[in-house]
1. Can you run down the residue pairs with Cβ atoms below 6 Å, 6 or more apart or on separate chains, where the first is in the stretch 91-114 and assigned to a loop (DSSP other than H, G, I, E, B) and the partner is open to solvent by less than 70 Å² (accessible area, probe 1.4 Å)?
2. I'm trying to understand the selection: among the residues of the stretch 105-142, which are of a type in the set (S, T, N, Q) and open to solvent by 70 Å² or more (accessible area, probe 1.4 Å)?
3. Looking at the stretch 1-43, which of its residues are open to solvent by less than 80 Å² (accessible area, probe 1.4 Å) and at positive phi?
4. Go over the candidates Phe176, Phe229 one by one and state the one that is farther than 23 Å from Lys144 by Cβ, among the aromatic types (Phe, Trp, Tyr) and out of contact with any helix residue (DSSP H, G or I) (no Cβ under 6 Å at 6 or more places or on another chain).
5. Looking at Asn187, is it among the polar types (S, T, N, Q) and open to solvent by 100 Å² or more (accessible area, probe 1.4 Å)?
6. Against the condition at negative phi, surrounded by 11 or more Cβ atoms within 10 Å (Cβ to Cβ) and not assigned by the TED database to the domain that holds Asn104, how does Leu199 come out, does it pass?
7. Every residue in the stretch 212-226 that is open to solvent by 90 Å² or more (accessible area, probe 1.4 Å) and part of a loop (DSSP other than H, G, I, E, B), please.
8. Evaluate the stretch 44-66: report whether one residue or more is closer than 29 Å to Leu129 by Cβ, free of Cβ contacts under 8 Å to residues at least 24 places away in the same chain and open to solvent by 50 Å² or more (accessible area, probe 1.4 Å).
Amino acid sequence: MQQTHALIEALKRLLKARSVTYAELARRIGVSEASVKRMFSLKQFTLQRMEQILVAIDSDFQQLALAVQAAQAAPALITGLTYAQEKEIIDDTKLFIVAVSALNLLPLEQIIAIYDISEAQAVSCLLRLDKIGFLELLPNNRVKLLVARTFAWIPNGPIHTYFKQEAYGDYLNSQFDGDNELLRLVNVMLSKKSTAALLERLKQVAVEFSRLHQEDARLPNEERLAISFMLAARPWMPQTFKALLRQ
C-alpha cells in the first residue's frame, strides 16, 4: 500500500510540474473529470490507465520511478512540533527569534544584522532547530526549512499561549488605518453548512498567505514587510449581549 501511495503522489507531482489539471487530464485521456478525481482519490489504476496518463503528459514509467526515488530521498516536511519542542523554543528568547526568522526565510547574516544576537549564538540556535527537525543547517550556515506550508503551532500550546498572553494586546493596539493595515470584524448568522464552507475558505486563504510568503522570499529583505495575519472564527456573543438574554 505504501508503494502504491508513493506512485500516486509521484504521479500528482508530475502533473503539477507540467501544469496539467485534473480537468485537462480528463480531456486528454477521454474520461470525465469526476472519473479522474475518483481514480486519484481511491488510488485505483490499471497499468494500462497509468501508461495512458503518462503518455498524455509526455512522460513514462522511468520518469515516474525517478520521481518516486526523489521523494523518498527528500526529508519529510513537518506540519507541527511537539509540545516539548515548542516549550524549548519559547523558553529561550534568542532561539524563538531565530526560529521565527527562519520561518520568514531570513538568512543568518540578516538575523544578526537585525537582532542583538551574535553569529555564534545564532548558529547555536540553528543547530538546536536542526536537531529537532525544524530545519536543516547546510554548509556556509545556509538554512533549508523542513516545515510544510500547512505548518502551524499547537492550538493552545506554548507558543499560541505566548501570543495570547503577550502579543495579542500589543498587536491590536492600533487604529489599523495605515497603508499596510486592515481590520474587519464581521458578525453574521450562518447555517452549519455555510459555516463549514467559510472555515474551509479561511484555511485556503492561510495556505495562499504561505504561498505568497514563499514566492516573495526571493526578494531583497528591504522590499519585504513583516506582516502578521490572524484568522479567527467561532460562535460568539459579547458578554453585554449575553447579560440581556431571556432565561
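1. Qualifying pairs under 6 Å: Leu105/Ala217.
2. Going residue by residue through the stretch 105-142, those that are of a type in the set (S, T, N, Q) are 110, 118, 121, 124, 140-141.
If the condition is that a residue be of a type in the set (S, T, N, Q) and open to solvent by 70 Å² or more (accessible area, probe 1.4 Å), then Gln121, Asn140 are the ones that fit.
3. Correct list: Gly30, Lys43.
4. On the way: Phe229 fails: out of contact with any helix residue (DSSP H, G or I) (no Cβ under 6 Å at 6 or more places or on another chain).
Only one candidate qualifies: Phe176.
5. Values: among the polar types (S, T, N, Q): yes; open to solvent by 100 Å² or more (accessible area, probe 1.4 Å): yes.
In short, yes.
6. Here the answer is yes, as Leu199 does meet what is asked.
7. Arg218, Leu225, Ala226
8. Checked against the condition, which is being closer than 29 Å to Leu129 by Cβ, free of Cβ contacts under 8 Å to residues at least 24 places away in the same chain and open to solvent by 50 Å² or more (accessible area, probe 1.4 Å), the stretch 44-66 yields no hits at all.
The values are calculated or read from the model by the stated rules, or taken from the named source; none is laboratory data. Since this is a predicted model, take the numbers as computed values, not measurements. Neighbour counts run over all protein chains shown; Cβ positions are idealised from the backbone, glycine included. Ligands, DNA and RNA are stripped out before the accessible areas are found, and what is left, the full protein with its side chains, is counted by its heavy atoms. Shrake-Rupley method; radii C 1.70, N 1.55, O 1.52, S 1.80 Å.
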